[in-house]
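*Asks:* Please find one structure pasted underneath; my questions will follow.
The values are calculated or read from the model by the stated rules, or taken from the named source; none is laboratory data. All figures in this text were calculated on a predicted structure; none of them were measured in a lab. Heads up, the Cβs are rebuilt from the backbone with ideal geometry, glycines too, and the neighbour counts pull from every protein chain shown. Protein only, heavy atoms only, side chains kept; ligands, DNA and RNA dropped before computing areas. Shrake-Rupley method; radii C 1.70, N 1.55, O 1.52, S 1.80 Å.
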Amino acid sequence: KPSHVAALEQLRRDFADQPIDVVRGDCNEVIPRELLKQNWAGTRAVMFLDPYGLTVDWTTLETIRRTGAIDVWYLVNINGIL
């Protein structure tokens, strides 16, 4: 949603001294592509996944795990698993 992107962009501006990236797109395409741009040695990160429905592929989660550097908060709507 454009309003969600705008809210994240505002947070990025509010914390301009922090390395925050807001990337819009399908997480199963964007996340692997973005992870390849970073050398993860000696780096730590937190990733918040808030998908619409249960749309994150297992291979995407494996790609995140292989960095060895990212803690993931996966937000799930309880209705999506009932």
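*Asks:* Rolling a 1.4 angstrom probe over the protein chains, ignoring ligands and nucleic acids, what is the accessible area of residue 46 in square angstrom, nearest 10?
*Replies:* 90
*Asks:* If you don't mind, another one. Test of understanding: what is the full-extension gain from residue 9 to residue 46, defined as 0.36 nm times their sequence separation minus their Cα-Cα distance?
*Replies:* Full-extension gain reported as 11.6 nm.
*Asks:* Another one. Which longest uninterrupted range of the chain lacks any trypsin sites (Lys or Arg not before Pro) assigned by DSSP to a loop state (not H, G, I, E or B) and surrounded by at most 14 other Cβ atoms within 10 Å?
*Replies:* 45-82
*Asks:* Something else now. Springs between alpha-carbon pairs under 10 angstrom, Gaussian network model over the chain: which of 49, 36, 11 fluctuates most?
*Replies:* 11
*Asks:* With a 1.4 Å probe and all protein chains left in place, how much accessible area per residue does the chain have, in Å²?
*Replies:* On a per-residue basis, the chain sits at 79 Å².
*Asks:* Can you give me the solvent accessible area of residue 9 with a 1.4 Å probe, rounded to the nearest 10 Å²?
*Replies:* The accessible area of residue 9 comes to roughly 40 Å².
*Asks:* Only Cα pairs under 8 Å and at least 6 apart count here; give the relative contact order of the chain as a rounded whole percent.
*Replies:* 29
*Asks:* Quick one: ranking 61, 75 by accessible area, 1.4 Å probe, largest first, what do you get?
*Replies:* Sorted descending by solvent-accessible area, the residues read 75, 61.
*Asks:* With every protein chain in place, what's the accessible area of residue 26 (1.4 Å probe, Å², nearest 10)?
*Replies:* 80
*Asks:* Which is the longest part of the chain that has none of the chymotrypsin sites (Phe, Trp or Tyr not before Pro) sitting in a DSSP loop with at most 11 other Cβ atoms within 10 Å?
*Replies:* It runs 16-51.
*Asks:* Still on this structure: What fraction of the Cα pairs in the chain, stated in percent, has a spacing above 17 angstrom?
*Replies:* 53
*Asks:* Return the long-range amide H neighbours of residue 49 (sequence gap of 5 or more, or a different chain), with a cut-off of under 5 Å between placed amide H atoms.
*Replies:* Distant-sequence amide H within range of residue 49: 73, 74, 75.
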